[in-house]
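Beneath this line is the structure, given in structure tokens, with notes to follow.
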Amino acid sequence: MKREILTMLRKDGTYVSGQQLCERLGVSRTAVWKAINALKAEGYEIGAVQNKGYCLLQAPDVLTEAEIGSRRTDRWKDAPLVVYAETDSTNNQARRLAQEGNPEGTLVVADRQTRGKGRRGRVWETPASAGIAMSFVLKPEIAPQDASQLTILAALASLRAVQDVSGADCAIKWPNDLVLNRRKLCGILTEMNLEEDYIQQIIVGIGFNVHHEAFPESLADKATSLYLETGQKYSRAEIVCRVMQHFAEYYEQFLTQRNLAFVREEYNHFLISRGESVRVLGVGQEWSGRSLGINDTGSLLVETEDGEIREVLAGEVSVRGLYSYA
Ligand code: BTN
């Protein structure tokens with residue numbers, strides 16, 4: 001019921017009477033009053049004026065089903081939403097839900113992860129109240145080799161979400177890290193389950209560093225948070241919802257166009273080191289060239305010193321700036 005109340009208060013943006021809440025929710029005035037009090041206890045500032053009703057003045061930065069659910073506007077807003085104060089990995093939970101038959105758009109969010117997974121078997125830390133761990137389920141009818149293109153879209157959606165809330169001048173480190181001042185702000189791990197050659201589900205997992213005030217020494221020169229870069233605090237729930245909104249829009253276009261031509265220019269605009277020299281690190285080999293941006297399928301085009309243009313596939317190599325992580 002908290003979610004419905006917040007949805008109504010947010011939708012109207014002005015006063016909603018107790019009577020209206022009771023009627024639309026089909027509950028008693030006492031039940032509404034209790035739910036409003038519970039929301040206040042969670043940190044919501046809700047104004048109440050006689051003969052006018054309730055109005056939402058301020059929402060706390062919490063990751064809860066009510067806070068996230070009441071802000072959703074995307075096409076999957078009615079799909080299952082599971083929010084944990086703590087879980088092992090939202091990717092694991094989303095995969096489990098998908099395998100249990102939950103539909104595309106099912107979203108899992110956690111305030112804290114105890115066994116968050118990064119790419120290449122690395123660990124991803126999501127300390128309580130500081131970051132966002134979110135994963136959603138996709139069930140596209142596409143060839144498995146095209147799935148990495150969804151990660152490119154997730155990177156763009158994440159960048160747009162961060163821009164919306166903070167105006168921060170983010171960049172993308174190919175294929176899917178978001179960076180701010182050449183430090184990593186957000187990482188994406190896309191996992192796919194196949195049966196024969198058919199995609200059962202894809203889990204897109206996104207981790208944001210939002211309110212971190214410091215990082216362990218080993219990460220200090222590579223990682224950053226929105227707070228460290230802008231000095232401001234943000235609504236993490238709003239970031240989650242904006243990611244879903246942007247991703248759903250990109251995804252719809254992707255499913256009709258089946259490649260990334262429609263976002264190529266946009267993505268390349270935000271690509272860090274474009275036009276600059278980069279190092280390409282593959283298994284047992286390393287070479288340098290000039291980054292030209294992605295092609296229509298998300299591979300990075302790199303021009304070698306003798307003018308050859310090579311197509312670098314995501315997942316096979318990592319690309320670095322000449323002097324730093326990004
Ligand atoms: C990377 O190595 O850059 C990818 C990090 C991905 C982390 C996110 S947090 C939400 C989701 N759950 C996980 O266990 N990992 C991803």
Accessible solvent surface per residue of the range 74-215, calculated while the other protein chains remain in place, 1.4 angstrom probe, Å²:
39
Starting from the Cα of M192, step 7 Å along the direction of its Cβ; do the same at N51; then give the gap between the two resulting points in nm.
6.4
What distance in nm separates the two pseudo spin-label positions at E266 and R320, each 7 Å out from Cα along the beta-carbon direction?
3.2
If every alpha-carbon in the range 221-294 counts as one equal scatterer, what log10 I(q)/I(0) does Debye give at q = 0.12, 0.15, 0.19, 0.27 1/Å?
-0.61, -0.89, -1.05, -1.11
Can you tell me the length gained on complete extension of the stretch L292 to E42, counting 0.36 nm per residue apart and subtracting the Cα distance?
85.1 nm
By the mean-Cβ-within-10 Å protection proxy, highest first, 61-68, 80-87, 150-157 rank as 150-157, 61-68, 80-87
With all protein chains present, the chain has a carbon and sulfur share of its accessible area (1.4 Å probe) in percent of 44
Can you give the local net charge around T151? Use residues other than it whose beta-carbon is closer than 12 angstrom to its beta-carbon, Lys and Arg +1, Asp and Glu -1.
-2
Work out, step by step, the length gained on full extension between W33 and E141: first 0.36 nm times the residue separation, then minus their alpha carbon distance; give nm to one decimal.
34.2 nm
Mean Cβ-within-10 Å packing, highest first, puts peptides 281-287, 296-302, 184-190, 101-107 in the order 184-190, 296-302, 101-107, 281-287
Options A168, I152, V204, ranked by Cα towards positive dipole end of the chain, top entry (Cβ charges):
A168
Once Rh is set to the Kirkwood radius over Cα pairs, what Stokes-Einstein translational diffusion coefficient, in µm²/s, holds for the chain at a temperature of 10 °C and a viscosity of 1.306 mPa s?
76
Stretched out fully, how many nm does the piece from R24 to N181 gain, at 0.36 nm a residue minus the Cα gap?
51.8 nm
Projected area averaged over all directions for the convex hull of the alpha carbon atoms of the range 1-113, nm², comes out at 7.7
Which pairs, out of K34/K233; K184/K233; K52/K77; K77/K222; K117/K139, put more than 26 Å between their alpha-carbon atoms?
K34/K233; K52/K77; K77/K222
Out of V319, G13, N181, whose Cα points farthest toward the positive end of the dipole of the chain (charges: +1 Lys, Arg; -1 Asp, Glu; placed on Cβ)?
G13
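The values are calculated or read from the model by the stated rules, or taken from the named source; none is laboratory data. Just so it is clear, the structure is predicted and the values come from calculations on it, not from any experiment. No Cβ is skipped: glycine too gets one built from the backbone with ideal geometry, and neighbour counts run over all protein chains shown. All accessible areas refer to the heavy atoms of the entire protein, side chains included, with ligands and DNA or RNA removed. Shrake-Rupley method; radii C 1.70, N 1.55, O 1.52, S 1.80 Å.
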